[in-house]
């Protein structure tokens, strides 16, 4: 099975409203200051939640979303001319320095060559721009228990990234991690209510121990 076929099948299980994805985007947006009229790329955009949040906030940017799945892009509501179907492993279909900021949330753990993805993100972002990455936290209790109990992966994860591994991954491309934050914790047996890191000092201080996933602001090394 090819990666595209896998994610076309996965897309049939997606809900139009991804509450975790929306919460993650809202936290990730705190990592950057988006100037009016700037160009924003969203790699692995699914149903375009980042675009919807930016519109809701009244942030006037030029948004472009990319996803491997035609099925999931078919879930996008409203005008779809800002979206493109593309496999990042074939290279991003944009020129050098086309964007001010690129978001790539919960994607590097899914691809065969994460270094290539980071290199492509660096290529399409302006030299003074920023990249916002996120990856699941391998120390999070749910990840730990899943590995301990040998539960099969159903998400298509190929790689696991500790914060140290992310720093090394981006350093190979001449990039530095400038800031990190956690996303949320889940309280077992409670209805899903993502606990945002902005409200909890310890999760901001040590996201690698407490957060479900970790978000990184990355830029060219100075």
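Where a number appears in this text, it was derived from the coordinates with a stated rule and is not lab data. Nothing here was measured: the structure is a model prediction, and the numbers come from that model. Cβ: placed from backbone, ideal geometry, glycine included. Neighbour counts: every protein chain shown.
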Note to self: Sort 164-170, 177-183, 38-44 by packing, meaning the average of other beta carbons within 10 Å per residue, with the highest value first.
What the structure shows: 38-44, 177-183, 164-170
Notebook entry, point to check: Using the count of nearby Cβ atoms within 10 Å as a rough guide to exposure, how do 157, 110 rank from fewest to most?
Noted result: 157, 110
Notebook entry, point to check: Using only helices, what value at 222 nm comes out for the chain when you add -39,500 (n - 2.57) per DSSP H run of length 4 or more and divide by the total residues, to the nearest 500 deg cm²/dmol?
Noted result: -8500 deg cm²/dmol
Item checked: Relative contact order (percent, whole number), region 1-66, Cα cutoff 8 Å, 6+ residue spacing -> 34
Item checked: Percent of beta bridges antiparallel (DSSP, region 3-220, rounded to nearest 5) -> 45
Note to self: How would 7, 14 line up from fewest to most surrounding beta-carbon atoms within 10 angstrom?
What the structure shows: 14, 7
Notebook entry, point to check: Who wins for biggest fluctuation among 148, 121, 34 in a Gaussian network model of the chain, springs between alpha carbons below 10 Å?
Noted result: 148
Next item on the list: For region 3-220, calculate the relative contact order in percent as a whole number, restricting contacts to Cα pairs under 8 Å that are 6 or more residues apart.
Entry: 19
Item checked: the chain - convex hull of alpha carbons, volume per residue in Å³ -> 130
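As a footprinting exposure proxy, order 94, 116 by other Cβ within 10 Å, with the fewest listed first. Provide the component values of the computation, followed by the final result.
Working: 94 19, 116 14.
Ordered by Cβ neighbours within 10 Å, fewest first: 116, 94.
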Checklist line | Gained length - residue 59 relative to residue 84, 0.36 nm times residue gap less alpha-carbon distance | finding: 6.9 nm
